[in-house]
1. Limited to the range 39-52, what total is found for residues that are more than 8 Å from ligand 1 (Cβ to nearest atom) and either at positive phi or crowded, with 24+ Cβ neighbours inside 10 Å (or both)?
2. Working only within the range 62-85, note down all residues that are outside any helix (DSSP H, G or I), in contact with a helix residue (DSSP H, G or I) (Cβ under 9 Å, 6 or more places away or on another chain) and hydrophobic (A, V, I, L, M, F, W, C).
3. Any chance you could count how many residues in the range 201-260 are under 20 Å from the mean Cα position of the chain (by Cα) and part of a loop (DSSP other than H, G, I, E, B)?
4. Say we look at the range 292-303 and pick out the residues that are over 14 Å from the mean Cα position of the chain (by Cα) and crowded, with 17+ Cβ neighbours inside 10 Å; which of these is farthest from LYS165 (Cα to Cα)?
5. If you check every pair at least six apart or on different chains, which have Cβ atoms under 7 Å apart with a residue in the range 351-364 that is on the phi > 0 side of the Ramachandran plot first and a residue that is open to solvent by 20 Å² or more (accessible area, probe 1.4 Å) second?
6. Taking the stated definitions as given, is ARG55 within 22 Å of GLU303 (Cα to Cα) and either at pLDDT below 95 or open to solvent by 30 Å² or more (accessible area, probe 1.4 Å) (or both)?
7. Being modelled with pLDDT of 95 or more and either within 18 Å of VAL173 (Cβ to Cβ) or open to solvent by less than 40 Å² (accessible area, probe 1.4 Å) (or both) narrows it down to one of LEU366, LEU338, so name that one.
8. Looking only at the range 120-146, how many residues end up being of a type in the set (Asp, Glu) and either closer than 15 Å to ASN99 by Cα or open to solvent by 80 Å² or more (accessible area, probe 1.4 Å) (or both)?
Amino acid sequence: MHVNWLIVGAGITGCTLAERIASQLGQKVLVVERRDHIGGNAYDEYDAAGVLVHRYGPHVFHTSNRAVWDYLSQFTRWRPYQHRVLAVVDGKKVPVPFNLNSLYALFPARYAGKLEDTLISNYGFSASVPILELKEAGDMDLQVLAEYIYQRVFYGYTLKQWGLKPEELDPLVTGRVPVRVGRDDRYFQDAYQGIPMEGYTTMFRRMLKHPNIHVLLNADYKEIVEDVKFDRMIYTGSLDAFFDYAYGPLPYRSLWFDFVSFNEEWYQEVGTVNYPNEYDFTRITEYKHLAGQRVPWTALAYEYPEEYVPDRNEPYYPVPRQENYDRYLSYLKEARKLGNTVLFAGRLADYKYYNMDQAVAQALQLFEEVAG
Ligand code: FAD
Ligand code: UDP
């Protein structure tokens, strides 16, 4: 078999690149995927009770990048959906990102009012303030508030999720969920948000449905690479694995999902409830909120973070911190030596905490370079 491109991984990055190369350059692509399905971590499927579940955790599409939204909209219509998350703090469920509504839910009204005024005069109404920045506030009241939010919302969750304290990670990690000096309870504030109307997997299937694209599932590329003739490769798997861990393992973080399904219409009031302080899991997602399904059963996923061990579980998250970036740079140097023959892309190979839209944006940019 001869193809122009071998693409390793059928996640959103691999799907985007395969689709562009096949449809715009008219070149032949083989996508090889070691799992038994396409879609990578954004894969969804119906469970036995007919509930559409995301096998690898809740995926909500959100972007402010119009080009990315328009690109994917060729392959799906969208169910308008604005994700809302509550966190259990001191026995109450309050909005996360922590905002003025959370403040009033947890503190007596007069004290909350005083803190609200101070927040607004320091940062302005509707500002977003990362918790590690709020902790540096000069004002005494704000320092007390910051310490409270840090302890109740961030510390326990981050320790569970990463096995590290917030300040041991790149500030961008906790900065994804900044304290909001406003009353917008949505998890994301991007201009475009939604869930593919017929699910992610259907969207990916449409992207790959092109006569120039062939998909091979259940195969690690290493098993087939000698048998396939190709001109160039795009690799979207873990970077350290590609180089046989020559500089030592690049830390990734894993999860295991406990799926529970039962004959009740609803379990919780929003798509996701976080448990920063109790239990070993970080959050519970009830999928019907995302898909908007009206079926008698419901399905939940409990997320239990765990250490990533190659060949035992999945590398879901790069671990953003300086020493890991340093190791990544050693691998990047090796990657560059391969020049144009092997290109690296995606959350695992770029070792970046991409959301789906960022993965697509990077893939589209790489395609422009390739098409040059
Ligand atoms: P992946 O989806 O990881 O795909 C890589 C593929 O390569 C995998 O299928 C893997 O099996 C395959 N592969 C690896 N090595 C090999 C090999 N040697 N041979 C063959 N195949 C191989 N993003 C959002 O925008 N919104 C969200 O709400 C959101 N929620 C998330 C929740 C969780 C729990 C997680 C883990 C991620 C979430 N994300 C979310 C991020 C999103 O999953 C990623 O941005 C996206 O999946 C990245 O796509 P990718 O193609 O780069 O990588
Ligand atoms: N976070 C937290 N408490 C929360 C929500 C998030 O401490 O209630 C921190 C935690 O470190 C987490 C990070 O913020 O890993 C990013 O959260 P996000 O929901 O974006 O994570 P993802 O959906 O990517 O797992």
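1. The total comes to 2.
2. The answer is PHE75, TRP78.
3. Counting residues in the range 201-260 that are under 20 Å from the mean Cα position of the chain (by Cα) and part of a loop (DSSP other than H, G, I, E, B) gives 5.
4. THR298
5. TYR351/TYR328
6. Working: within 22 Å of GLU303 (Cα to Cα): yes; either at pLDDT below 95 or open to solvent by 30 Å² or more (accessible area, probe 1.4 Å) (or both): yes.
Yes.
7. Values: LEU338 fails: either within 18 Å of VAL173 (Cβ to Cβ) or open to solvent by less than 40 Å² (accessible area, probe 1.4 Å) (or both).
So the residue among LEU366, LEU338 that is modelled with pLDDT of 95 or more and either within 18 Å of VAL173 (Cβ to Cβ) or open to solvent by less than 40 Å² (accessible area, probe 1.4 Å) (or both) is LEU366.
8. Here the count works out to 2.
The values are calculated or read from the model by the stated rules, or taken from the named source; none is laboratory data. This structure is a prediction, so every number in the text was calculated from the model and none was measured. Cβ: placed from backbone, ideal geometry, glycine included. Neighbour counts: every protein chain shown. Heavy atoms of the whole protein, side chains included, go into the accessibility calculation; ligands, DNA and RNA do not. Shrake-Rupley method; radii C 1.70, N 1.55, O 1.52, S 1.80 Å.
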